[in-house]
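Working notes, structure below.
Only the coordinates and a few stated rules stand behind these numbers; no lab work does. Predicted, not measured: the structure shown is a model, and the values here were computed from it. Virtual Cβ from ideal backbone geometry, glycine too; neighbours counted across all protein chains shown.
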Ligand SMILES: Nc1ncnc2c1ncn2[C@@H]1O[C@H](COP(=O)(O)OP(=O)(O)OP(=O)(O)O)[C@@H](O)[C@H]1O
Ligand SMILES: [Mg+2]
C-alpha cells in the first residue's frame with residue numbers, strides 16, 4: 001500500500017459479487033421445464049429406448065384425459081374429490097390457525113398443547129383411516145376427518161411459530177396506546193403473523209392433496225384418488241398417470257392461489 | 001396534568017437499577033432525562049407510562065388530563081413502532097378506532113395531525129416507502145392524535161442521521177411553540193437535551209440516582225443552533241456526566 005498504483009499495472013474493475021438471493025417472477029421458466037421433460041419422455045417412448053412398461057407415452061396419457069373429459073367421467077371424479085379437499089382442508093386449517101394463535105398467545109395453552117401437537121405430528125395419518133371409518137362412518141365423514149387431521153398439525157405449528165415472531169415492540173406500542181386485547185390480537189398479532197400462516201398453509205394444503213388419495217382408499221366409488229388406486233391395481237399406467245397429472249395440476253392451482261393471496265395481503269412487505 | 005415521581009427505586013432480580021428518584025414534570029414543559037447507558041432511563045419511562053411497576057415509590061398524576069384526551073400517557077418509540085401493513089393514515093387511525101372515533105371525526109383529527117407534522121401528502125404511503133425521519137414524524141402524528149397529556153419519548157431521534165435529527169428537532173420546537181405539550185424526553189444526546197429541555201435531569205450510572213436537575217429558562221423558540229448559553233449548559237452537563245459515563249462504560253454487565 002505504499003504507492004497509489006504500482007507501475008505497469010492496469011487498473012482492474014472491482015468484480016461484481018452482489019447478485020442472486022432475490023427471487024424474481026419468471027412465469028415461463030416453469031412451463032419450459034415441464035414442456036422439455038414431457039417432450040423428452042415422448043421422444044424416448046416413441047424411439048423405443050423407454051419401454052411402455054416403464055413409462056406411459058405422454059400422448060396416450062393425453063388421450064385418456066380427453067376420453068375422461070368427453071365421457072363426463074372427469075367431473076364425476078373431480079367433484080367429490082374437490083369437495084372432500086375443500087371441506088377437509090377448511091376444517092383442518094381453521095382449527096389449526098385458531099389453536100396456533102391460542103398457543104401463541106397463552107402460555108398455559110402452550111404448555112398444555114405443544115407436547116400433544118408434537119406427539120400427533122409424526123403419526124402417519126393414513127394409518128388412522130380405519131379408526132376414522134369407525135368414528136365417522138365409511139362415507140364422507142372419515143374422508144373429511146383424515147384430510148382435516150393431516151392439515152391440522154402443520155398449520156398449528158406454522159401458526160404459533162408465526163405468532164411468536166410478531167414484533168413484540170408493536171404489541172407494546174398497542175398496549176401503550178390503550179388498545180383493547182381484542183384489537184391488539186386482530187390488528188397487530190394476526191396481520192403480523194399472516195406471512196408465516198400463509199407459508200404454513202402452502203405446506204398444509206399440499207399435504208391435504210396427498211391425503212386425498214389415502215382418504216379415497218376405503219369406500220369411495222368416485223374421486224381422483226379412487227381412480228388412481230383402481231388404475232394402479234390394474235397396472236394401467238396411462239390412467240394412473242392421468243390421475244397423477246390431475247393431482248399435480250391441483251397442486252399448482254392451490255399454490256398459485258396462495259401466491260395471489262400473498263400478493264394481496266402481504267404487499268406491505270418490501 | 002403534572003406528573004410527580006415520588007421516591008422511585010427499582011431492582012431487577014438482584015440488580016439495583018434506580019434509587020430514590022423524585023422529579024416533577026410540570027404541565028406544558030419538556031423534561032429531559034440524560035444519563036449513561038444502562039442507568040435506567042428507559043425503565044423510568046416505562047414506570048411513568050404504566051407499562052411496568054417500580055419496586056418502591058409511586059408515580060402520581062396531579063390534576064386530571066385535559067378535555068378530549070384519549071390516552072393521557074403516550075409513547076413515542078425509538079424504533080417508531082409503525083405497523084408496516086397500514087398506511088400512514090391507517091397507523092394514525094389505529095389509535096382512534098378503539099375510542100370509537102371513525103368516519104368524518106377521525107378524518108378531521110388525522111388531517112389535523114398530518115398537517116402539523118407536514119405529512120399531508122403522504123397519507124396513503126406505506127411505512128416502507130418513507131425515510132426514517134418521516135417515519136418518526138408519523139409516530140409523532142399518531143401520538144398527537146390521541147391528544148396526550150404527557151408524551152413519553154424514549155430516544156425518539158437516535159435512530160436517525162444527524163441532519164434528519166436537526167430537522168426533526170426544529171419540527172418538535174415548532175410543534176411545541178404552536179401548542180405547548182408536556183413531555184418526558186429520554187436522550188443520550190446532550191445537544192438535544194439543551195435544545196428541547198426546560199428541565200434536564202442528569203442521572204448517575206447504575207443504580208441511577210438524580211445527580212442534578214438543570215433548568216434552562218430560555219424559551220425554546222429562541223434557542224439557536226450554536227447558542228453560547230446552551231453551549232455552556234451542554235458543557236456543564238458533560239462535566240457532570242463524563243466520569244459516570246466512563247465508569248459505566250467500563251462496568252461488566254452481569255445480568
Ligand atoms: N426487563 C428487564 N429485566 C432485567 N433487567 C433489565 C430489564 N430491563 C432493563 N434491565 C436492566 O436495567 C438496567 C437499566 O436499563 P434501561 O434500559 O432502563 O437503561 P437505559 O438508561 O435506558 O439505557 P440506554 O441508555 O442504553 O437505553 C440495565 O442494566 C438493564 O440491563
Ligand atoms: Mg434506553
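Below are the figures for this structure:
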item	result
Cα gyration tensor shape for region A:1-93, rounded if a/c is under 1.5, else prolate or oblate	oblate
Average partner coverage of B:121-133, which counts Cβ from other chains inside 10 Å	1
Exercise: per-residue mean of other protein chain Cβ atoms within 10 Å, B:76-87	5
Chain B - Debye-derived log10 I(q)/I(0), Cα point model, q = 0.17 Å⁻¹	-1.35
Contact order relative to length of chain A, as percent, for alpha carbon pairs under 8 angstrom and 6 or more apart	21 percent
Length-normalised contact order for region B:83-147 - Cα pairs under 8 Å, 6+ apart - percent	50 percent
Whole-percent pair-distance distribution, where bins are 5 Å wide, for the alpha carbons of region A:219-270	5, 20, 17, 15, 11, 9, 8, 7, 5, 3, 0
Rounded FRET efficiency, nearest 0.05, which uses the C-beta distance separating residue B:212 from residue A:16 and R0 of 45 Å	0.20
GNM flexibility winner over chain B from B:92, B:59, B:31 (Cα, springs under 10 Å)	B:59
Tail beyond 29 Å, pair distance distribution of the protein assembly as shown (Cα, percent)	66 percent
Bins of 10 Å, starting at 0 and running to the largest distance - Cα pair percent for region A:55-124	16, 25, 21, 17, 15, 6
Euclidean distance of C-alpha centroids, region B:166-186 and region A:223-261, integer Å	65 Å
Under 14 Å from the residue B:247 label point (7 Å along Cα→beta-carbon), backbone N, region B:1-42	B:19, B:36-37, B:39
Theoretical ellipticity at 222 nm over chain A - DSSP helices of four or more residues, -39500 (n - 2.57) apiece, nearest 500	-24000 deg cm²/dmol
Peptides B:33-41, A:11-19 ordered by average Cβ neighbours within 10 Å, highest first	B:33-41, A:11-19
Values of log10 I(q)/I(0), in the order q = 0.09, 0.14, 0.15, 0.17 Å⁻¹, for region A:58-269 under a Debye, Cα-only, solvent-free model	-0.44, -0.88, -0.97, -1.13
Shielding by other protein chains, A:171-183, mean Cβ within 10 Å	6
Kirkwood Rh and Cα Rg combined as Rg/Rh, region A:184-255	1.22
Simple label model, 7 Å out from Cα along Cβ direction - residue A:69 to residue A:180, nm	5.4 nm
Over chain B, relative contact order from alpha-carbon pairs under 8 Å, at least 6 apart, %	28 percent
Per residue Cα convex hull volume in Å³ - calculated over region B:83-147	73 Å³
Computed E for residue A:47/residue B:158 - FRET, C-beta separation, R0 56 angstrom, nearest 0.05	0.20
